[in-house]
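No value in this document is a laboratory result; all are computed from the given coordinates. Note that this is a predicted model, so its numbers are computed, not measured. Quick reminder, even Gly has a Cβ in these numbers, built from the backbone with ideal geometry, and neighbours come from all protein chains shown.
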Amino acid sequence: MKTELIFATNNIHKIDEIKPLLPIGINIISLDQLLFFEDIPETGNTLKENALQKARFIYNKFERNCFADDTGLEIDALSGRPGVYSARYAGEHCSFVDNVNKVLEEMKYENNRKARFRTVIALIYNDIEYFFEGVVEGEILLDYAGVVGFGYDPIFKPVNQLYSFAEMPLVEKNKISHRSIAAQKLVDFLK
Ligand code: IMP
């Protein structure tokens with residue numbers, strides 16, 4: 001049976017990461033295929049609230065099964081920041097580089113570099129809401145390493161890995177990442 005799901009995101013990197021994880025029979029519809037280019041409201045206080053808010057917004061608009069992902073980088077030495085504020089950590093309309101620079105500056109003299117990426121996927125399927133979570137532990141590097149990927153990838157090195165996410169081909173990131181763990185749970189559920 002064929003399952004079609006809208007992925008409620010304008011982030012092309014997230015779509016590129018999730019698409020290869022889906023088996024034949026589960027098709028993703030992107031928002032640009034639906035000619036929807038607006039920002040989706042994201043005002044919750046937790047990743048779960050934000051993921052659900054994004055999924056509900058698109059579900060109500062198009063009345064089709066859909067899912068959304070909300071992701072945060074949680075740094076122990078910063079009491080879990082940027083966490084749910086990861087997208088706009090350096091302020092409204094900031095870039096990935098602004099955010100990364102802010103983290104590097106705040107972590108400049110910090111010895112405890114432990115951090116994790118956490119993704120929550122909210123799925124709305126035939127009016128019922130489901131959640132799937134993925135976490136990857138790692139550390140914040142002292143400086144940029146690599147140019148692949150997006151966001152905080154250049155300063156995050158997963159545990160037991162030699163390279164940052166931005167130094168890995170997508171296929172390697174997808175073997176261990178927060179998003180792929182959550183996506184695998186989504187796929188298992190849909191199967
Ligand atoms: P969002 O609110 O889920 O779109 O993500 C918040 C922010 O976290 C994004 O703007 C990115 O900077 C960052 N982010 C999300 N996922 C990843 C990832 O897989 N690697 C690096 N940064 C990410």
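Observations on the model:
- In percent, rounded to a whole number, the relative contact order of the stretch 41-122 is 36, using alpha-carbon pairs under 8 Å and six or more apart.
- Relative contact order (percent, whole number), the chain, Cα cutoff 8 Å, 6+ residue spacing: 19
- The protection proxy used here, the mean number of other Cβ atoms lying within 10 Å of each residue, ranks peptides 2-15, 54-67 as follows, highest first: 54-67, 2-15.
- Reachable lysines from residue 102, criterion Cα separation under 22 angstrom, eight or more residues apart if same chain: 114, 157
- Peptide ranges 32-40, 115-123, 87-95 listed from the most packed, as the mean C-beta count within 10 angstrom indicates: 115-123, 87-95, 32-40
- Using alpha-carbon coordinates, inclination of helix 96-106 to the longest axis of the chain, degrees: 40
- For the chain, the direction-averaged projected area of the alpha-carbon convex hull comes to 10.5 nm².
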